[in-house]
Amino acid sequence: MRADLVPDDLWERVAPLLPPAPERRRRHPGRLRVPDRAALTGVMYVLRTGVAWRDVPAEMVGCSGVTAWRRLRDWTEAGVRPRLHAALLTELRRADLLDLEHCAVDGSHQGPRRGDHVGPSPVDRARPGSKHHLIVDRHGTPLAVTLTGGNRHDVTQLLPLLDAVPPIRGLRGRPRRKPRHLYADRGYDFDKYRRLLWKRGIKPMIARRGVVHGSGLGKVRWVVERAFAWLHQFKRLRMRYERRADLHQGLLELACSLMCLLRRLRTAR
């Protein structure tokens, strides 16, 4: 089993969140259950390399691709990925590594072959596509990510994306769930959504359409573009292959958790 795919720092945070293994039958118990760490290694192998599940090398990883896919399905249905992401965000805030004063949002098109949450992409000659919607803090740390069809406008997912941010603890007082300033490009320039943000206590810092470039907002908003570049370094996320939208969402949240963990470990050294 490749230990570099699931290091100890990651496993120590994932293991307490995994559901308990089912009890084995006394009669005809069958094969021994594959350890959860080996199954997570298989999931990480697919996420990083982008290979098909059937092409996972069992000798290298420690389990077959089918077993890794089934374990991913079970963990997704149990809600392991959102809890892992929320725990890592809490850890970052406790270490004063999370800046929720200034956040940025954006969307990115993906070209799936099939599956749920697919629509005609307006930027790819109406071919079927999906969208990743991402909100990050001032440093580019992902706070939430959602998946929609490629024909959904970015601004329609602004409020659902804000609602997807988990309660972030780590400091005294109430958990934080919203930023104070939200940066976005011209695709979010609608007065209706500006008013909705003000009602939530969020100051919209959105570029105006029809105005000459040079507002200076890009000095803060660029971190979300960099976060997409980091997110799509995981090759399984560049092109959507999962037919089930919840499994692709689970891989997205796992990648965001890895980005949070990497930031925590880099600053701890």
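The values are calculated or read from the model by the stated rules, or taken from the named source; none is laboratory data. Source: prediction; values computed, not measured. As a convention, Cβ positions derive from the backbone with ideal geometry for all residues, glycine included, and neighbour counts pool all protein chains shown. Surface areas here come from the heavy atoms of the whole protein model, side chains and all, with no ligands, DNA or RNA. Shrake-Rupley method; radii C 1.70, N 1.55, O 1.52, S 1.80 Å.
Let me check I've understood the local charge: for Asp154, count other residues with C-beta under 11 angstrom from its C-beta, Lys and Arg +1, Asp and Glu -1. What total comes out?
Values: positive: Lys131, Arg152, Arg186; negative: Asp106, Asp185, Asp189.
That works out to 0.
What do you get for the angle between helix 80-94 and the principal long axis of the chain? Use alpha-carbon atoms, 0 to 90 degrees, nearest ten.
That helix lies at roughly 60 degrees to the long axis.
Would you tally the net charge around Gly210, using a Cβ to Cβ cut-off of less than 10 Å, leaving Gly210 out, and scoring K and R as +1, D and E as -1? Can you show the working numbers first?
Working: positive: Arg186, Arg208, Arg209; negative: Asp189.
Net charge in that neighbourhood comes out at +2.
Quickly estimate the mean residue ellipticity at 222 nm for the chain, helices only: each DSSP H run with n ≥ 4 gives -39500 (n - 2.57), and the total goes over all residues, rounded to 500.
-12000 deg cm²/dmol
Mind checking the angle between helix 36-49 and the chain's longest principal axis? C-alpha axes, 0 to 90 degrees, to the nearest 10.
Tilt of helix 36-49: around 50 degrees.
Mind checking the angle between helix 245-268 and the chain's longest principal axis? C-alpha axes, 0 to 90 degrees, to the nearest 10.
Taking Cα atoms only, the helix is inclined about 80 degrees.
Using modelled backbone amide H atoms (1.01 Å from N, in-plane), which distant-in-sequence or interchain residues come within less than 5 Å of Gln110's amide H?
Ser130, Lys131, His132
I'd like the accessible area for Thr148: 1.4 Å probe, protein heavy atoms, all chains in place, Å² to the nearest 10.
We get 10 Å² for Thr148.
Amide H of Ile135 versus every other amide H placed in the peptide plane: which residues, excluding those fewer than 5 positions away on the same chain, fall under 5 Å?
Leu143, Ala144
Working only with C-alpha atoms, what are the Rg and Dmax values of the chain, expressed in angstrom?
Radius of gyration, then largest Cα-Cα span, for the chain: 19.7, 74 Å.
In the structure displayed, which of Lys131/Lys203; Lys131/Lys235; Lys178/Lys199 lie more than 23 Å apart, Cα to Cα? Before the final figure, lay out the partial values.
Values: Lys131/Lys203 25 Å; Lys131/Lys235 16 Å; Lys178/Lys199 12 Å.
Listed pairs above 23 Å: Lys131/Lys203.
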